[in-house]
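The next block holds one structure in the form of structure tokens; read it before the comments.
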Amino acid sequence: MTSLSLSGPQGYAQARIEASYGHRDGISSASSSSPSSSFVRTVEQRPYFPLLEVDPSNEATVIQVAKVVVSCRNNHANNNNDNGISTTTNGAVPNEGEEGSSSVTVLTGGLTNTLFKVDLPDDDYAPLNCVLVRLFGSEGMIDRDQETAHYARLCNAGGALHDKLDLVGRFGNGRVETFLPNMRVAHHIDDFGREEGLSLEIARQLARLHYSYEPDSDAAAETRTKSSPQQQPTLWKVIESWIEELSQHLSHEKYREDASLMELFSRAITSHPVESSSSKPQSYMAADAIKDALSNELVWLKNEVETRFPHAPIVFCHNDVNAGNVLLDASIDHTSEESESVGKSSSTPYDRRSVCIIDYEYGSTNYAMYDMANYACEH
């Protein structure tokens, strides 16, 4: 049974609805033999297994999910089938004990997600015999449907990303991506603090991202209003949501009873002391005052930006370029004397193949200058 390919964040939501109606058994882990875990739909031209999940404490499930997704993607590519993927796979979920020569390496450095490198047998899974399995974290803070749809389209957009980056497929609590060999995570001092060539290459790659990829019309429409037909930056709405979340936390009993914490926030943010004549408890008033002060400052900042930079370009931005989200060719080593001499010469080891910006989970339409300013603040 085949079905038309789905697209966009709504495509992932539709796949989950179909999975819930077609398989009432509930979500299965990779170690389960239940056919419900093999339900698959094509979203953004890639397999999506909404009922298949990885148990982060069980490396066997990491291998099994990688095998399922890679096998499905390879079969899809070999069959050149753009219309859809079978809604159930033919025994695609491996049984426990079938890991064979596969291996798992836990990767460090992920601030939001749990990352695994999975090596699969070359003969059975080439060319995708080494992949990255990403387990989603910070649930509720990131729209994973929107993020994954953006990432899939970024991978399809020539020139927007490193040419070796690709989304292989998605499963219930994460996704499978290509793994870049011979790359290392950049260091904010040893790399960014010693040679300007790296910052120049980051600027070039951000420029390519800003102007070689445009979100689909549906996603872009969500940022438009009747009074502002152009795309709007998501910056203001994100800050508003964080202010509201902070206010809710500070109103919670756990924090209301922490007098030192409330006083710290009050002194740091508000310009006036908390009045004690109100019928409200002082802790409630502190939370209200903090929210009001931050909201007023946001209104002021938004007005300043729109008044002083009325024609500031609004593009698709990364929004989180820091050392942990930059990979460098492993041969670039600034700890050696030789590399220091290279850094002082007219040549530079940095280009679009030796430098790779990763992790686009906070990507959205925003001011192009915000992306550069955020990068500058990070380093």
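The values are calculated or read from the model by the stated rules, or taken from the named source; none is laboratory data. This one's a predicted model, so the numbers in the text were calculated from it and none came from an experiment. We place every Cβ from the backbone using ideal geometry, glycine too, and count neighbours over all the protein chains shown. Ligands, DNA and RNA are excluded from the accessible area calculation, which covers all protein heavy atoms including side chains. Shrake-Rupley method; radii C 1.70, N 1.55, O 1.52, S 1.80 Å.
Among the residues of the range 104-119, write down those that are of a type in the set (S, T, Y) and open to solvent by less than 50 Å² (accessible area, probe 1.4 Å).
Hit for the range 104-119 is T112, nothing else.
Just wondering, is there one or more residues in the range 87-102 that are modelled with pLDDT of 80 or more, in a strand (DSSP E or B) and exposed (fewer than 15 other Cβ atoms within 10 Å of the Cβ)?
no
Name the residue that is farthest from A66 (Cα to Cα), counting only residues in the range 15-50 that are at pLDDT 90 or above and among the aromatic types (F, W, Y).
Among those that are at pLDDT 90 or above and among the aromatic types (F, W, Y), it is F39.
In the range 360-372, which residues are farther than 23 Å from P310 by Cβ and either open to solvent by less than 30 Å² (accessible area, probe 1.4 Å) or touching a Lys or Arg at 6+ places or on another chain (Cβ under 6 Å) (or both)?
Listed by number, the residues that qualify are Y360, E361, G363.
From the list G174, G193, exactly one residue is surrounded by 16 or more Cβ atoms within 10 Å (Cβ to Cβ) and either under 25 Å from A368 (Cβ atoms) or at pLDDT 90 or above (or both). Which is it? Give the steps one after another, and end with the answer.
Details: G193 fails: surrounded by 16 or more Cβ atoms within 10 Å (Cβ to Cβ).
Just a single option satisfies the conditions, and that option is G174.
Collect the residues in the range 39-80 that are open to solvent by 50 Å² or more (accessible area, probe 1.4 Å), touching a residue at least 40 places away in the same chain (Cβ under 8 Å) and charged (D, E, K, R), keeping them in residue-number order.
E53, E59
Kindly establish whether K291 is open to solvent by 70 Å² or more (accessible area, probe 1.4 Å) and either at pLDDT 70 or above or in a loop (DSSP other than H, G, I, E, B) (or both).
No: the conditions fail for K291.
When you check Y375 against the structure, is it hydroxyl-bearing (S, T, Y), open to solvent by less than 60 Å² (accessible area, probe 1.4 Å) and at pLDDT 95 or above, yes or no?
no
Determine whether A157 is out of contact with any Gly (no Cβ under 9 Å at 6 or more places or on another chain) and aliphatic (A, V, I, L, M).
Against the criterion (out of contact with any Gly (no Cβ under 9 Å at 6 or more places or on another chain) and aliphatic (A, V, I, L, M)), A157 qualifies.
I'm told S346 meets every condition in (1) open to solvent by 50 Å² or more (accessible area, probe 1.4 Å); (2) modelled with pLDDT of 90 or more except one. Can you identify the failing condition by its number?
(2)
Would you tally the residues in the range 111-139 being closer than 22 Å to N322 by Cβ and out of contact with any helix residue (DSSP H, G or I) (no Cβ under 8 Å at 6 or more places or on another chain)?
So the answer is 11.
Please list, ordered by residue number, the strands (runs of 3 or more DSSP E) wholly in the range 123-218 having 2 or more residues that are of a type in the set (A, V, I, L, M, F, W, C).
So the answer is 130-135, 167-171, 183-185.
Do the conditions hold for N182, that is, is it at pLDDT 90 or above, among the polar types (S, T, N, Q), more than 26 Å from L51 (Cα to Cα) and open to solvent by 40 Å² or more (accessible area, probe 1.4 Å)?
Considered against the rule, which asks whether it is at pLDDT 90 or above, among the polar types (S, T, N, Q), more than 26 Å from L51 (Cα to Cα) and open to solvent by 40 Å² or more (accessible area, probe 1.4 Å), N182 comes out as yes.
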